[in-house]
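Notes follow the structure.
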Amino acid sequence: MTQIFSGATKTDDYIRVAQLTEVQTAGSLLVHKEKHTIALFYSNNTVYAIDNRCPHMGFPLQGSTCKDGIVTCPWHYARFDIASGGTFDSWADDVPCFPVEIRDGEVWVNLAPPVNPHAHHRQRLQDGLEQNISLVIAKSTLALLDIGVNTVEPFLIGLEFGTRYNPHSAP
């Protein structure tokens, strides 16, 4: 799944997070801003910003290898596209990423939410059910409950999936 930055492009949504030279020199840099821990990566003359928490098991991504546009988590080897945050591994989720602007030698990042979390976690629950990945099912269900959906909603999604794909149900 590719992250879409709709509604997250206003100039006033960006905050200054680092000097460009700091990121260029280090290759990757960890910054803390507005309750976010962000891993900045410098790759192919571009700065990228992703959430520092690997969505697979929550371990830090700062210090990960970044090669050919792919960040690889050093803990469980989950792989992510640095530009979109999209995962290459079905058992991991996409890592949140943030739009970046360079202004007068400074790195500015937009921390506005990039996607509709309700739609995203509903889709991840559906993906987990279809691919039979219990970790994705559990994480997406918990995420839906965390954003305040009615507790019946994840159950109904599972019930609908089960009745649709039950080999013993009538056609």
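The values are calculated or read from the model by the stated rules, or taken from the named source; none is laboratory data. Note that the coordinates shown come from a computational prediction; the quantities given were computed from them, not determined experimentally. Neighbour counts are summed over all protein chains in view; Cβ atoms, including those assigned to glycine, are modelled from backbone coordinates with ideal geometry. These accessible areas exclude ligands, DNA and RNA; they are computed on the full protein's heavy atoms, side chains included. Shrake-Rupley method; radii C 1.70, N 1.55, O 1.52, S 1.80 Å.
Split the accessible area of the stretch 23-171 by element, probe 1.4 Å, and carbon with sulfur accounts for 55%. Each Lys or Arg adds one and each Asp or Glu subtracts one; over the other residues with Cβ under 13 Å from the Cβ of residue 41, this totals -3. Give, as a single signed number, the net charge of other residues whose beta carbon lies under 14 Å from the beta carbon of residue 52, with Lys and Arg counted +1 and Asp and Glu -1. Its environment carries a net charge of +1.
Which value, in debye to the nearest 20, gives the size of the charge dipole of the chain about its Cα centre, when Lys and Arg are +1 and Asp and Glu are -1 at the Cβ? The dipole of the chain has a size of about 180 debye. Relative to the current alpha-carbon distance between residue 153 and residue 132, full extension at 0.36 nm per residue lengthens the span by 5.7 nm. Estimated translational diffusion coefficient (Stokes-Einstein, Kirkwood radius over Cα pairs, 25 °C, 0.890 mPa s) of the stretch 11-58: 213 µm² per second. Computed from phi, the 3J(HN,Hα) profile of the stretch 19-33 under the Karplus parametrisation 6.51, -1.76, 1.60 (θ = phi - 60°) reads 7, 4, 4, 4, 6, 4, 5, 7, x, 8, 8, 9, 10, 10, 9 Hz, with x in place of Gly and Pro.
Between 0 and 90 degrees, the angle of helix 117-131 with respect to the longest Cα principal axis of the chain falls at about 60 degrees.
GNM on the chain, alpha-carbon springs under 10 angstrom: the most fluctuating residue among 80, 98, 161 is 161. The long axis of helix 152-165 is offset from the longest Cα principal axis of the chain by roughly 60 degrees. Net charge dipole, the stretch 7-71: roughly 100 debye, given to the nearest 20, about the Cα centre with Cβ charges of +1 for Lys and Arg and -1 for Asp and Glu.
Packing-based ranking of 139-150, 24-35, 53-64 yields 53-64, 139-150, 24-35, ordered from highest to lowest mean Cβ neighbour count within 10 Å.
The angle between the Cα long axis of helix 134-146 and the longest principal axis of the Cα atoms of the chain comes to about 80 degrees, rounded to the nearest 10.
Taking a quarter of the surface of the Cα convex hull of the chain gives a mean projected area of 11.3 nm². Based on DSSP H segments of at least four residues, each scored -39500 (n - 2.57), the chain has a per-residue ellipticity at 222 nm of -9000 deg cm²/dmol. Take every Cα pair under 8 Å whose residues are at least 6 apart in sequence, average their separation, divide by the length of the stretch 38-171, and the relative contact order is 14 percent. One quarter of the convex hull surface built on the alpha carbon atoms of the stretch 55-116 amounts to 5.0 nm², the projected area averaged over directions.
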